[in-house]
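S.K.: The following block contains the structure, expressed as structure tokens.
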Amino acid sequence: MSKDRQKLSIFLVLLGVLAATLYMSFRINDTPATTVVQASSSTTKPSPTAQAPNGDARILLEVVKPGVGKQNIGSKNLFQYQQAPPPPFTPPRGGAPAPVVNVPPPPVQVQITPPPAQRVEPPIPLKYQGFASTNRGTQGMTAFLADDSRHYNVTVGEVLMGRYRIASITDKTVEVEDLLNNRRQALQLVN
């Protein structure tokens with residue numbers, strides 16, 4: 001009988017340990033009920049550094065500025081100082097009317113944009129070094145032009161380097177038309 005009593009006492013102890021374990025596990029896993037915090041209508045505001053109890057992080061609606069929302073996005077100029085709001089109107093006390101003061105409106109800020117920069121095209125990189133003529137007058141003239149690396153023998157109407165068209169040749173100048181920039185330049189004979 002003593003063996004039965006010993007087994008019964010061990011069984012009761014194990015049953016108590018099981019009950020305590022189950023009780024603790026349900027208590028730890030049980031989530032607290034969600035509480036709703038509403039802003040009070042009192043004039044006292046909590047400090048921005050105040051923490052909620054139990055270390056919970058919460059949004060303090062009293063601290064958030066009213067009127068800040070998606071409708072204001074992009075409406076402010078970040079590079080311009082804001083003007084101070086005008087002082088509140090206080091009605092005069094007593095029977096004498098207040099003098100009327102004309103306050104000039106705030107100055108209008110005008111942004112002056114500089115005129116677009118004139119695009120300066122580089123000069124045509126050719127030099128008029130000489131000419132040869134036949135008996136046909138200016139139509140039979142051949143001009144000798146050169147750039148930094150090559151020499152060219154050209155006549156009126158020829159297109160040089162796919163860009164420059166020879167408009168006219170005289171014994172003192174060659175008029176060259178830049179087809180890409182739609183401009184003309186007269187090259188003087190180099191002595």
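S.K.: Are any of the residues in region 148-162 under 44 Å from the mean Cα position of the chain (by Cα) and closer than 18 Å to residue 121 by Cα?
M.R.: Within region 148-162, one or more residues are under 44 Å from the mean Cα position of the chain (by Cα) and closer than 18 Å to residue 121 by Cα.
S.K.: Where in region 140-191 are there strands (runs of 3 or more DSSP E), lying wholly inside it, with at least 2 residues that are in contact with a Gly (Cβ under 9 Å, 6 or more places away or on another chain) and under 27 Å from residue 119 (Cβ atoms)?
M.R.: 164-169
Read the figures in this text as sums done on the coordinates, not as results from a lab. If you're wondering where the values come from, they're calculated on a predicted model, not measured in any experiment. Backbone-built Cβ (ideal geometry, glycine too); neighbour counts: all protein chains shown.
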